[in-house]
Amino acid sequence: QKGHILVHEVSKYYQGLPALKNVSLEILPGTVTVILGPSGSGKSTLLRTLNCLEKADKGFVQIDNEFMGYTLKNNKLYELKEKELLKQRIHVGYVFQNFNLFPHMTVLENIIEAPIVHGLLTREDAIKNAYELLEIVGLKDKANTWPKQLSGGQQQRIAIARALALSPKVMLFDEPTSALDPELVKEVLNAIKKLASLGTTLVIVTHEIGFAREIADNIVFMVEGEIVETGPSDTIFQNP
Ligand code: ADP
Ligand code: ADP
């Protein structure tokens, strides 16, 4: 089974100030991990180092034994160039707070673009796949609409479908509901729950505690760039 993540003694600094301090973490394939913690504690930074949107200053991240941001040649690690890095990132889906859909493309075009460009699917297969993904996020009837015609919750579900179109081993979510009106949060959380049941490894930064408790196999609690507590959801949330 794919989607194993190993974070080994990762540190990250911004202007000399630590955002991550020697963070280590193992995430098993097919599990759901929720990262909790106060604002500024390094949650997004950790998430971004997982797929090399940010590069660790110290330590490393491995996904399924591949060193993120590096290639191994003759037992030596070499930094990947931007193009190769993009290729490595294909299998690590990332869902942003603000959806980031392409406004000039229909919903369907948003979803089929990347797998076609990366040569993973023919146009015909990409379209077939897109309808299956739209079914998962409950928006099959929106294929030919434009992003701006959709609610924030619907746009976020399309963004999830778009990330899934590359068949990622891992899906990362950075506060996927924080830009949404309260009444739209649930539909996005339900779409994520559905993904969890399909066996993709999920790592989610969120402030939705009830959701975290319901969906997480493991909780990671961060304070000031460090993991101060980690463990199974039922252990972390048990009443003292
Ligand atoms: P969280 O996601 O928990 O709110 P972040 O990972 O966004 O925390 O930020 C951790 C710390 O690193 C904060 O002090 C933040 O100001 C700082 N930081 C994050 N990104 C940058 C950046 N691009 N440049 C400078 N400082 C940053
Ligand atoms: P989040 O906690 O979800 O990352 P932020 O508002 O902290 O949300 O960060 C949004 C963006 O701003 C990120 O790309 C982050 O890298 C950048 N950022 C965060 N803190 C700082 C900072 N102190 N200086 C410069 N950029 C920052």
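Each reported figure results from applying straightforward, stated rules to the coordinates on display, with no laboratory input. Note that the structure is predicted; figures quoted are calculated from it, not measured. Backbone-built Cβ (ideal geometry, glycine too); neighbour counts: all protein chains shown.
Could you work out which residue, out of LEU86, LEU189, LEU198, moves most in a Gaussian network model of the chain, that is, has the largest mean-square fluctuation with Cα springs under 10 Å?
Ranking LEU86, LEU189, LEU198 by mean-square fluctuation puts LEU198 first.
In deg cm²/dmol, rounded to 500, what helix-only [θ] at 222 nm does the chain give when every DSSP H run of at least 4 residues adds -39500 (n - 2.57) and the total is split over its residues?
Taking each H run of at least 4 residues, the total per residue is -10000 deg cm²/dmol.
So what are the three principal axis dimensions of the chain from its Cα atoms, in whole Å, longest to shortest?
52, 47, 36
With the cut-off at 27 Å, tell me which of the pairs LYS12/LYS186; LYS43/LYS76; LYS43/LYS193 have Cα atoms farther apart than that.
Beyond 27 Å: LYS12/LYS186; LYS43/LYS76.
By average Cβ neighbour count within 10 Å, what is the ranking of 38-47, 7-16, 155-164 from highest down?
Ranked from most to least packed, the peptides come out as 155-164, 38-47, 7-16.
Among residues other than THR33 whose Cβ falls under 11 Å from its Cβ, what is the net charge (Lys/Arg +1, Asp/Glu -1)? Intermediate results must be reported in sequence, preceding the final value.
Details: positive: none; negative: GLU26, ASP217.
Summing Lys and Arg as +1 and Asp and Glu as -1 gives -2.
With viscosity set to 0.692 mPa s at 37 °C, what whole-number translational diffusion coefficient in µm²/s follows for the stretch 1-80 from Stokes-Einstein and a Kirkwood radius over Cα pairs?
247
Can you order the peptides 75-81, 58-64 by their average number of other Cβ atoms within 10 Å per residue, highest first?
58-64, 75-81
Give, as a single signed number, the net charge of other residues whose beta carbon lies under 15 Å from the beta carbon of TYR14, with Lys and Arg counted +1 and Asp and Glu -1. Let's see the in-between values first.
Working: positive: LYS12, LYS21, LYS43, ARG48, LYS55, LYS58; negative: GLU54, ASP57, GLU224.
Residues close to TYR14 contribute a combined charge of +3.
I want the local charge near GLY199. Using Cβ-Cβ distances under 14 Å, sum +1 for each Lys or Arg and -1 for each Asp or Glu among the other residues.
Overall, the nearby charge balance is +3.
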